[in-house]
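The values are calculated or read from the model by the stated rules, or taken from the named source; none is laboratory data. Just so it is clear, the structure is predicted and the values come from calculations on it, not from any experiment. Note that we place each Cβ from the backbone using ideal geometry, even for glycine, and neighbour counts take in every protein chain shown. Side chains included, ligands, DNA and RNA excluded: accessible areas come from the protein's heavy atoms. Shrake-Rupley method; radii C 1.70, N 1.55, O 1.52, S 1.80 Å.
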Amino acid sequence: MKKLEDYVVSIPDFPKPGIIFRDVTGVVGDPEGFRLSIRTLEDLIGDTDYDLVAGLEARGFLFGAPIAADQGKGFVPVRKKGKLPRATIRESYALEYGTAEIEIHKDAVKPGQRVVIVDDLIATGGSAEAAIKLVERLGGKVVKLVFLIELAGLKGRERLADYDVESAIVYGGK
């Protein structure tokens, strides 16, 4: 039986020399790999009490939406600036070169709702931290963050130290 790691394709020197890109399309492109990824992330969520799953654009949608549907929870898309049609709130975060912004609808999370944030990858933790801020600004409580892959060398887990963070696969480097 294949392990989850067996479905991840490692691409050296992408997007620049010295970087190993961890491609999850091998996971979602294989029915067994996709099923295994969803089951694994659901196991990491465990018995956490929650109301909503928030997934970060775009690969967080691939994992978050099936988990929400399977668990009978609502799904909140956390999108890049300008992609949502109704009134939104926005949060900026730093990239290696510059900044980016993400948004959620102003009515996506009700005060007191408990939210699990799902994404494919945690690197520096910047986008996850921005998603946390959005949920909390609406009065929600982030009760867990789950990631398919963690790049431990970029210390995103440390940035999110006040939260319950789980990763299915941990790579030691960047």
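Odds and ends about this structure:
- The alpha carbon convex hull volume per residue for the range 29-71 rounds to 67 Å³.
- Filter on Lys106/Lys155; Lys3/Lys80; Lys80/Lys133; Lys110/Lys144; Lys133/Lys155 - keep pairs with C-alpha separation over 22 Å: Lys106/Lys155; Lys3/Lys80
- What the phi angles of the range 20-35 give under the Karplus curve with 6.51, -1.76 and 1.60, with θ = phi - 60°, is a coupling list of 10, 7, 9, 8, 8, 5, x, 6, 6, x, 10, x, 5, x, 5, 4 Hz, glycine and proline written as x.
- Taking Cα centre as origin and charging only the Cβ of basic (Lys, Arg, +1) and acidic (Asp, Glu, -1) residues, the dipole magnitude of the chain rounds to 580 debye.
- DSSP beta bridges in the range 64-149 [antiparallel fraction, %, rounded to 5]: 60
- Heavy-atom accessible surface of the range 1-100: percent carbon and sulfur, 1.4 Å: 53
- Here the chain carries DSSP beta bridges of which approximately 40% are antiparallel, counting only pairs with both residues inside.
- Amide H contacts of Tyr50 (H built 1.01 Å from N, in plane; Pro and chain starts excluded): no residue 5 or more places away or on another chain comes under 5 Å.
- A cut-off under 11 angstrom between Cβ atoms defines the neighbours of Arg79, and their net charge, with Lys, Arg +1 and Asp, Glu -1, is +1.
- For the range 102-174, projected area of the alpha-carbon convex hull averaged over all directions, nm²: 4.4
- Share of Cα-Cα pairs in the range 42-119 lying beyond 19 Å, as whole percent: 38
- Take the Kirkwood radius over Cα pairs of the range 28-174, plug it into Stokes-Einstein at 20 °C and 1.002 mPa s, and you get 141 µm²/s for translational diffusion.
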